[in-house]
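Asker: Mind looking over this structure? Questions follow.
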Amino acid sequence: MSNFATTIISDKDNVSISGRGFVETEEQIDNYNHTSETVDSSNYSVTHMEKYPSFIESFKTILSNFELLNKEEILNFIFHNIGLLELIKNIKPIIKKHFPNHDYALEFNSDPEIPQFNQIILYVKGDENSFDEDWVEVKKVNKEIRKLSLYDNSIKNLFTVDLW
């Protein structure tokens, strides 16, 4: 079972994960940042991802309905900001309600000058003929996302919905 933890945990190869993040334990979720030898927070890269099979499985399950434009970057950013999985899981029904006949894509967007603006963008793939109607729906979706009650509401700043 995959969960989150705040205690220091060592895996079988003695790589410790301390503080806040995704680990393979039965402990409850507490918060979301990683500090570990396996995570480089300067560029969100993760080494030894195979040590987190539950995370990989959750990632695949939750993001199965989305085209992943830059999968490795998305994987690493979500691993570093694990609350995004919870957010995307909660957003899926909202997106399906407002855009039932559209395709969706996710992209990690990096701002090299201001890392705080790094985010995941969910693109709704529409067409030019329905742009105005789709834009109204995107506004509704973003309003519903702001109203979502999540464990870590600050994670909403790392995610946006836009039209393709």
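The values are calculated or read from the model by the stated rules, or taken from the named source; none is laboratory data. Values in this document were obtained by computation on a predicted structure and should not be read as measured data. Cβ sites come from the backbone with ideal geometry, for glycine too, and all protein chains shown count toward neighbours.
Asker: Can you go through Lys89, Lys96 and tell me which one is at pLDDT 95 or above and either closer than 26 Å to Tyr151 by Cβ or touching a helix residue (DSSP H, G or I) at 6+ places or on another chain (Cβ under 9 Å) (or both)?
Answerer: After ruling out the rest, the residue left standing is Lys96.
Asker: If you don't mind, another one. When the residues of region 28-72 are narrowed to those that are hydrophobic (A, V, I, L, M, F, W, C) and in a strand (DSSP E or B), which ends up modelled with the highest pLDDT?
Answerer: That would be Leu68.
Asker: Same structure again: For region 88-111, give me the residue count where each residue is free of Cβ contacts under 8 Å to residues at least 12 places away in the same chain and either part of a strand (DSSP E or B) or more than 19 Å from the chain's Cα centre (by Cα) (or both).
Answerer: Counting residues in region 88-111 that are free of Cβ contacts under 8 Å to residues at least 12 places away in the same chain and either part of a strand (DSSP E or B) or more than 19 Å from the chain's Cα centre (by Cα) (or both) gives 3.
Asker: Another question about this same structure. Do we find a residue being closer than 20 Å to Phe66 by Cα and either among the small types (Gly, Ala, Ser) or touching a residue at least 60 places away in the same chain (Cβ under 8 Å) (or both) anywhere in region 122-142?
Answerer: yes
Asker: Return only the number of the condition from (1) within 26 Å of Glu57 (Cβ to Cβ); (2) of a type outside the set (Gly, Ala, Ser); (3) crowded, with 18+ Cβ neighbours inside 10 Å that Asp134 does not satisfy.
Answerer: For Asp134, the exception is condition (1).
Asker: Looking at region 145-159 only, could you name the residues that are of a type outside the set (A, V, I, L, M) and surrounded by fewer than 16 Cβ atoms within 10 Å (Cβ to Cβ)?
Answerer: Arg146, Lys147, Ser149, Tyr151, Asn153, Ser154, Asn157
Asker: Restricting to region 91-129, give me the number of residues that are surrounded by 13 or more Cβ atoms within 10 Å (Cβ to Cβ) and not β-branched (Val, Ile, Thr).
Answerer: 19
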